[in-house]
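Take a look at the structure below.
What follows draws every value from the coordinates through simple rules; no lab data is involved. Computed from a predicted model, the values in this text were never measured in an experiment. Note that each Cβ is placed from the backbone with ideal geometry, even for glycine, and that neighbours are counted across all protein chains shown.
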Amino acid sequence: MFTGAWIFEDRADAGRQLATVIEGEAFDDPVVMALPRGGVPVGYEIAVRIGAPLEILIVRKIGAPGHLEFGLGALVDGDVPELVLNREAIRLVHPPAGYVEAETERQHAEILRRRALYFGDSKPISPEGREVILVDDGIATGGTVRAAIKALGRMGVRRLVLAVPVAPKSELAVLKGSVDRIVCLATPFAFRAVGLHYRDFEQTSDEEVVALMRKAELLERPG
């Protein structure tokens, strides 16, 4: 794990740098699971380099009233979507009665929209019994990643590796006991925001996600 204020050109560059570290490891039947949308360009580069399938794990933050970036929890896609709540955050914010339920419904609708767009009629790869490399474009508060890790644990993954280009040391310390290995390239001092460590941090579009998934599928199953 390196320290310093690294700047990645874009998400693809960050993915290639992560892949350089990861490709030396011996994996048994791995699957790369990326958090959309920003984690998909990162995960694509890793999946191509190690010859693993690329899959998407849709996680939607349950934001606080008037401050949606402050997470009260997250909803994770699955056969039965899993709600992971941050009880301390809820206690601090004390949202109005019914707010969390209504916001959960709204985010579930967005998960269904994205699932239809990203997967169509195909069924996502199950992580059960497999080695999973969970990828995002960075970690700020860690709420979304924590929810994903918890959900994957309940899905029965055999081994879980968290791979991110940049994150604060404090969050990595919290996550360390929840995964088998963490690969993180940059842990800047006085961390402020993920986007500050990219030259190009334009929002990843749904169209880009779909194109990368299709491209990865063609590489995985040539002909």
Q: Along each of the three principal axes of the Cα atoms of region 1-81, give the extent in whole Å, ordering the values from largest to smallest.
A: 44, 37, 19
Q. Can you give the charge dipole size of region 95-223 about its Cα centre, rounded to the nearest 20 debye, using +1 on the beta carbon of Lys and Arg and -1 on the beta carbon of Asp and Glu?
A. 520 debye
Q. Using a simple charge model, +1 on the beta-carbon of Lys and Arg, -1 on the beta-carbon of Asp and Glu, nothing else, what dipole does the chain show about its Cα centre, in debye to the nearest 20?
A. 500 debye
Q: Rounded to the nearest 0.05, what FRET efficiency do Ala26 and Arg154 give with R0 = 30 Å and r taken as the Cβ-Cβ distance? Could you check?
A: 0.70
Q: Would you compute, for the Cα atoms of the chain, the largest minus smallest coordinate along each principal axis and list the three values in descending order, in whole Å?
A: 52, 44, 32
Q. Quick one: length gained pulling Glu105 to Glu69 fully straight, 0.36 nm per residue minus the C-alpha distance?
A. 11.2 nm
Q) Spin-label point model (7 Å from Cα, Cβ direction): what's the Arg113 to Glu88 distance in nm? A) 3.3 nm
Q. Hey, what do the phi angles of region 147-160 turn into as Karplus ³J(HN,Hα) couplings, whole Hz, using 6.51/-1.76/1.60 and θ = phi - 60°, x for Gly and Pro?
A. 5, 5, 4, 5, 5, 5, x, 6, 7, x, 5, 7, 8, 10
Q) Semi-axes of region 101-223's equivalent ellipsoid from the Cα gyration tensor, sqrt of 5 times each eigenvalue, largest first, rounded to whole Å? A) 25, 19, 18
(Q) Quick query: amide H of Gly73 versus all other amide H atoms, modeled in the peptide plane; which residues come in under 5 Å with a sequence gap of 5 or more or a different chain? (A) Ile62, Asn86
Q. What full-extension length gain, to one decimal in nm, is calculated for Lys169 and Leu219 as 0.36 nm per residue of separation minus the Cα-Cα distance?
A. 14.5 nm
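Run through the DSSP bridge list for the chain and note the antiparallel percent, rounded to the nearest 5.
Rounded to the nearest five, the antiparallel share is 35 percent.
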